[in-house]
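The values are calculated or read from the model by the stated rules, or taken from the named source; none is laboratory data. Not measured: the values here are computed from a predicted model. Using ideal geometry, Cβ is built from the backbone for each residue, glycine included, and neighbour counts are taken over all protein chains shown. The protein model used for the area step is the full one, side chains on, heavy atoms only, and it has no ligands, DNA or RNA in it. Shrake-Rupley method; radii C 1.70, N 1.55, O 1.52, S 1.80 Å.
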Amino acid sequence: MLRLDDVSKVYRAGAFGGRELRAVSGVSFDVNAGEVVSLIGESGSGKSTLGRMILRLTPVSSGAITFDGTDIRALRSPKAYYRQVQGVFQDPFSCYNPVFKADRVFAMIKDEYFPRVAAAEWRERVEGALRGVRLDPGQVLGRYPHQLSGGQLQRMLIARAVLLDIRLLVADEIISMLDASTRIDVLNLLADLRAGGLGILFVTHDLSLGTYVSDRTVVLRHGSVVETGPTDLVFANPLHPYTRSLLAAVPRLHARWDEEEADPGETPCPYHGSPEGARTRPGLAEAEPGHFAACSGCAEGAGAPRKLAKEKA
Amino acid sequence: MSLTVTGLRVHYRTLRGDVKALDGVTFSVADGEIMGLAGESGSGKSTLGKSLIRLDGRMRHVGGTVELDGVTLPIGDDAAMNAHRFREVSLVPQYAMSALNPTRRIGRMVSELLASRGAGPETAELERRLELVGLSRDVLDRYPGELSGGMRQRVVMVISTLLDPSLLIADEVTSALDVSTQRAVARTLREFRDRGLVKSMIVVTHDIALVHQIADTITVMYAGRLAEKAPAEALVTAPRHPYTRMLISSLPEAGVRHEDRRLAGIPGAPPSLLDPPAGCRFRDRCPLAFARCAEQPPFAEVAPGHHVACWKAE
Ligand SMILES: Nc1ncnc2c1ncn2[C@@H]1O[C@H](COP(=O)(O)OP(=O)(O)OP(=O)(O)O)[C@@H](O)[C@H]1O
Ligand SMILES: Nc1ncnc2c1ncn2[C@@H]1O[C@H](COP(=O)(O)OP(=O)(O)O)[C@@H](O)[C@H]1O
Ligand code: SF4
Ligand SMILES: [Mg+2]
Ligand SMILES: [Mg+2]
């Protein structure tokens, strides 16, 4: 359904756009109907940039993004695209206009996409979608954004995306602002939507949340894919040191950080330590069926970035 | 005794009536204590934080007192509170990262803030603190937009603690960060306390697994009231309030997958705070509810330092 093929993004930075910043380099992956793909990486790794390119909020610098085989740059009707593809982002406040009531976000999609639905039926649908994200319609409808908490606003945006009956959802760090029990509800909701055929790109920095719902995992570091594969394989057998450091940083209820600082030690480079025949994708070696990893920055991959997550200031 | 909050009630005025976002909250935070504050979204955590600093226009101090280091804070009186902000109590607000003025360089923001508090710029001290959180002095010459989320978050933490407040309230300061930066910021919080830059701290968060790493005690709020406060370890391993128990068991442990085991949230929704029902506010969702729960349970001490508001927890 959605396909990214060797996608890169270069931002012009600095006072006169003189400096170039390569936010994404040569990323390829698919998201199929009824599949959750989690995109994992620390901040600045290019996750949101990818999400924004898929939503056509920023242009692709090179490579191509296609939806049902059509390059999204060449779409004849962006409106038809947004009828099928929607995004929800991390900072919910930025999506609301403070001078209007928060439920205007629902009225806007009604005007835009469902002008013929009767008011009473629309109201029913809105309330159903709100209950789906564990909100009490009576408590949130008719209120201004500043009168709602961050988690309440976030869930209204998810409800809005659900109302549109879309085919692909780009969910960019949507649950970090939610409390634990609501998180599970929203993750379960995503799983149910997936069962109904929705494809989801689930952007997160937390591997354990990604693991809970996703079928496949793509790990991004400095804009490149360092590891990808079926989620159970990536989680059970992380090959790249960066993936392992992300896993180690997830706070756990029954282990104190101070106690588990042990160094993982040297492990062979997943790329250069693999047989030549396994290097079936550019820069990636296939260690087990469908499970790929990149060079860990070993001596043979000289010149490759060596910094690990822990060293990042 | 650093902070003592007694029967605090703060409501928001709205056209449809008062939202009783804090409805009788009593607890204390000792010198040197880091208290984690968790609870369902909308339960009043940010309202509690704001109440100790500045009531916005629609907030009304309906009852109760706040005492810091033996002095009663005039929380209902905005002008009188000015003498206490930053010096005695300081807040890093939720979404502080995106709230930094984008057109001001960091250095200028800091000197303006210090000037407004009648304090001079102490460059050496400022640089020492930036270093403590892992930032170089160069950040002073940069605009907020040029810093990553984690860097901005640490800048805000340095700014809010420059005047060595007795109490720091940090509202969701790690939620927007990736796991490795989260860890760095959380450790910085503890470092601030260990070095005596702040005496005690309230760390508001949804992430109990994270706050458990740095907090001495954890308090759980539910629908405008406190459900439980206990030493961090006890709250996580032996919670007594039914809501806390359900909250802890809804945390996804690393490695659990939806196909293998569907975790359960807490069915139902918290009551409306416009017109909350009498008695225990968790009643409709509580598997243990019985007749007596129609009466409000007291926030009683069931073990040393362990308070619970539940009839079944005695
Ligand atoms: N200005 C306001 N006017 C009316 N009601 C408000 C206002 N601000 C907050 N509320 C309500 O007060 C309650 C508590 O909100 P608060 O922001 O303290 O929640 P919170 O626990 O911090 O939630 P979150 O975890 O989502 O940040 C909520 O029901 C919210 O809708
Ligand atoms: N509009 C922009 N202009 C210039 N640089 C940007 C812009 N947006 C993002 N970047 C840079 O691109 C890189 C990737 O950012 P982003 O996609 O937001 O990462 P993530 O979502 O993984 O945290 C970062 O170095 C960031 O500073
Ligand atoms: S007081 Fe009653 S309703 Fe409330 S938590 Fe305890 S048992 Fe449940
Ligand atoms: Mg992002
Ligand atoms: Mg809040």
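Please find, within region B:210-221, the residue that is farthest from the other protein chains (Cβ to nearest Cβ) out of those that are of a type in the set (V, I, T) and not in a helix (DSSP H, G or I).
Filtering region B:210-221 for residues of a type in the set (V, I, T) gives B:211, B:214, B:217-220.
When the remaining residues are screened for being not in a helix (DSSP H, G or I), the result is B:217-220.
On the way: B:T217: 16, B:I218: 12, B:T219: 14, B:V220: 10 Å.
Among those residues, the one meeting the criterion is B:T217.
Residue count for region B:154-176 under the criterion of being within 16 Å of ligand 1 (Cβ to nearest atom) and either open to solvent by less than 20 Å² (accessible area, probe 1.4 Å) or over 21 Å from B:I214 (Cα atoms) (or both): the result is 7.
One line per residue, one yes/no per condition, for (1) more than 16 Å from ligand 2 (Cβ to nearest atom); (2) more than 28 Å from B:I248 (Cβ to Cβ); (3) among the charged types (D, E, K, R); (4) part of a loop (DSSP other than H, G, I, E, B):
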site: B:V10; (1), (2), (3), (4): yes, no, no, no
site: B:G24; (1), (2), (3), (4): yes, no, no, no
site: B:G36; (1), (2), (3), (4): yes, no, no, no
site: B:K50; (1), (2), (3), (4): yes, no, yes, no
site: B:R54; (1), (2), (3), (4): yes, yes, yes, yes
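Would region B:17-24 turn up any residue that is under 25 Å from B:L113 (Cα atoms), in contact (Cβ under 8 Å) with a residue 40 or more places away in the chain, away from chain A (no Cβ under 12 Å) and within 13 Å of ligand 1 (Cβ to nearest atom)? Give the derivation first.
Kept after step one, since they are under 25 Å from B:L113 (Cα atoms), are these residues of region B:17-24: none.
Within region B:17-24, not a single residue is under 25 Å from B:L113 (Cα atoms), in contact (Cβ under 8 Å) with a residue 40 or more places away in the chain, away from chain A (no Cβ under 12 Å) and within 13 Å of ligand 1 (Cβ to nearest atom).
For the condition of a type in the set (D, E, K, R), open to solvent by 10 Å² or more (accessible area, probe 1.4 Å) and away from every other protein chain (no Cβ under 13 Å), B:D207 does not qualify. Scanning region B:239-296 for residues that are in contact with a strand residue (DSSP E or B) (Cβ under 8 Å, 6 or more places away or on another chain), farther than 21 Å from B:K20 by Cβ and in contact (Cβ under 8 Å) with a residue 24 or more places away in the chain yields B:R240, B:T244, B:L247. When the residues of region A:43-96 are filtered to those that are within 16 Å of ligand 5 (Cβ to nearest atom) and touching a residue at least 24 places away in the same chain (Cβ under 8 Å), the one that is farthest from the chain's Cα centre (by Cα) is A:Y96.
A single member of B:S28, B:S46 is more than 12 Å from chain A (Cβ to nearest Cβ), open to solvent by 10 Å² or more (accessible area, probe 1.4 Å) and hydroxyl-bearing (S, T, Y), and it is B:S28. Applying the criterion of being charged (D, E, K, R) and touching a residue at least 24 places away in the same chain (Cβ under 8 Å) to the residues of region A:113-155, the residue that is nearest to the other protein chains (Cβ to nearest Cβ) is A:R134.
Filter region B:231-248 for residues that are more than 13 Å from every other protein chain (Cβ to nearest Cβ) and buried (at least 24 other Cβ atoms within 10 Å of the Cβ) and give the result. The one that is more than 13 Å from every other protein chain (Cβ to nearest Cβ) and buried (at least 24 other Cβ atoms within 10 Å of the Cβ): B:H241. Residues in region B:257-308 that are away from chain A (no Cβ under 14 Å), under 24 Å from the mean Cα position of the chain (by Cα) and open to solvent by less than 80 Å² (accessible area, probe 1.4 Å): B:C280, B:P297, B:P298, B:F299, B:A300, B:V302, B:A303, B:G305, B:H306, B:H307, B:V308. Does region B:43-55 contain any residue that is touching a strand residue (DSSP E or B) at 6+ places or on another chain (Cβ under 7 Å), more than 14 Å from ligand 1 (Cβ to nearest atom) and of a type outside the set (D, E)? Looking for residues that are touching a strand residue (DSSP E or B) at 6+ places or on another chain (Cβ under 7 Å), more than 14 Å from ligand 1 (Cβ to nearest atom) and of a type outside the set (D, E), one finds none in region B:43-55, hence no. Taking (1) assigned to a loop (DSSP other than H, G, I, E, B); (2) within 16 Å of B:T161 (Cα to Cα); (3) more than 20 Å from the chain's Cα centre (by Cα) in turn, B:A115 satisfies each apart from (1).
Residue by residue, here is whether (1) more than 16 Å from ligand 2 (Cβ to nearest atom); (2) within 12 Å of another protein chain (Cβ to nearest Cβ); (3) in contact with a helix residue (DSSP H, G or I) (Cβ under 9 Å, 6 or more places away or on another chain); (4) modelled with pLDDT under 80 holds:
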position	(1), (2), (3), (4)
A:S224	no, no, no, no
A:D232	yes, yes, yes, no
A:H254	yes, yes, yes, yes
A:W257	yes, yes, yes, yes
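Collect the residues in region B:248-269 that are closer than 25 Å to A:L246 by Cβ and in contact with a Ser or Thr (Cβ under 8 Å, 6 or more places away or on another chain), keeping them in residue-number order. Scanning region B:248-269 gives B:S250, B:P252, B:E253, B:A254, B:G255, B:V256, B:R257, B:L263. Taken residue by residue, region A:176-188 has at least one member that is open to solvent by 10 Å² or more (accessible area, probe 1.4 Å), at the interface with another protein chain (Cβ under 10 Å from one of its Cβ atoms) and under 18 Å from A:G51 (Cα atoms). Checked against (1) in a helix (DSSP H, G or I); (2) of a type in the set (S, T, N, Q); (3) away from ligand 1 (no atom under 16 Å from the Cβ), A:T217 passes all but condition (1).
Residues that are away from chain B (no Cβ under 14 Å) and among the basic types (K, R) were ranked within region A:23-70; the one that is nearest to ligand 4 (Cβ to nearest atom) is A:R52.
Within the bounds of region B:153-166, is there any residue that is at the interface with chain A (Cβ under 9 Å from one of its Cβ atoms) and under 28 Å from A:P251 (Cα atoms)? No, every residue in region B:153-166 fails to be at the interface with chain A (Cβ under 9 Å from one of its Cβ atoms) and under 28 Å from A:P251 (Cα atoms). Count of region B:126-153 residues, restricted to those that are open to solvent by 50 Å² or more (accessible area, probe 1.4 Å) and not in a loop (DSSP other than H, G, I, E, B), is 9. Taken together, the residues in region A:214-225 that are open to solvent by 10 Å² or more (accessible area, probe 1.4 Å) and within 19 Å of A:E42 (Cβ to Cβ) amount to 4.
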